[in-house]
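Report on one structure; see the data block that follows.
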Amino acid sequence: MKLSVVFKSLRSYPALRVVTGPLQSRAFQPDFIPRDPKSKPVRHKYPAFYDPYGLRPPPSDKIIRLAEQIAALSPEERNVIGPTLRDRLRHPKIQPVLVEGMDLGPQGGSGVGSSKAEEKKVEKTAFDVKLEKFDAAAKIKVIKEVRAFTNLGLKEAKDLVEKVPVLIKQGITKEEANDIIEKIKAVGGVAVME
């Protein structure tokens, strides 16, 4: 039924029917021209950089005059422009990012900043507990203690203890660290606070 409707519609519009081969027809593309297989691909010219906003209109004369006036100012006066505009337009003040105490590696932080960090002895609030060694006979007891305060499974705690020396707890308070060290010492292990 459906096939007969298709054939009747093709017979009623002879201009739309273009037979390209046996059992093929292009009913809705009468102006289709196949691409030449020997032709080279079209090279498009792309801009040097992508600008999502497209072409912008040139700045007005007022903006150009203002830019020339700013360029003519002394460096001290140019340094005052930013804060003055921020206050005038009521923009919030941007807080500087503190890098004191951060390890910036060899490219940054060497020089005056690192000497300041050495001068200011910051009191440490987060400590790490490191398992140094343990008696072979007390291995099972040490594994049980490590499981108790790390929430690890038996296999994970065993693997951790066998990798001695290893950090077993990080970023804890001094009281917690001392408590863990005492518990490990009681079962036959040696732990230190870093």
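The values are calculated or read from the model by the stated rules, or taken from the named source; none is laboratory data. These numbers come from a predicted model, not from an experiment. Because the Cβ atoms are built from the backbone with ideal geometry, glycine has one as well, and the counts that use them run over all protein chains shown. Side chains are part of the model used for accessible areas, which takes the heavy atoms of the whole protein and leaves out ligands, DNA and RNA. Shrake-Rupley method; radii C 1.70, N 1.55, O 1.52, S 1.80 Å.
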Condition set assigned to a loop (DSSP other than H, G, I, E, B) and either charged (D, E, K, R) or modelled with pLDDT of 90 or more (or both), scope segment 39-65, selection nearest to the chain's Cα centre (by Cα): answer is D51
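Within segment 153-194, take every residue that is charged (D, E, K, R) and under 23 Å from K124 (Cα atoms) and give me the one that is modelled with the lowest pLDDT. Steps first, please.
At the first step, the residues of segment 153-194 found to be charged (D, E, K, R) are 155-156, 158-159, 162-163, 169, 174-176, 179, 182-183, 185, 194.
Filter once more, keeping what is under 23 Å from K124 (Cα atoms): 169, 174-176, 179, 182-183, 194.
Working: K169: 84, K174: 86, E175: 88, E176: 87, D179: 89, E182: 90, K183: 88, E194: 81.
Of everything passing the filter in segment 153-194, E194 is modelled with the lowest pLDDT.
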For segment 66-79, what are the residues that are part of a helix (DSSP H, G or I) and surrounded by fewer than 10 Cβ atoms within 10 Å (Cβ to Cβ)?
-> E68, Q69, A71, A72, P75, E76
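Using the structure shown, decide if S39 is exposed (fewer than 10 other Cβ atoms within 10 Å of the Cβ), polar (S, T, N, Q) and farther than 23 Å from L85 by Cα. First the steps, then the outcome.
Working: exposed (fewer than 10 other Cβ atoms within 10 Å of the Cβ): yes; polar (S, T, N, Q): yes; farther than 23 Å from L85 by Cα: yes.
So S39 fits the description; yes.
Which ones in segment 146-194 are in a helix (DSSP H, G or I) and either among the hydroxyl-bearing types (S, T, Y) or at positive phi (or both)? Step through it out loud before you land on a result.
Taking segment 146-194 as the starting set, the residues that turn out to be in a helix (DSSP H, G or I) are 146-150, 154-162, 174-187.
Within segment 146-194, T150 is the sole residue that qualifies.
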Please determine, by comparing only the residues of segment 139-152 that are farther than 20 Å from N178 by Cβ and modelled with pLDDT of 85 or more, which one is least open to solvent (accessible area, probe 1.4 Å).
-> I143
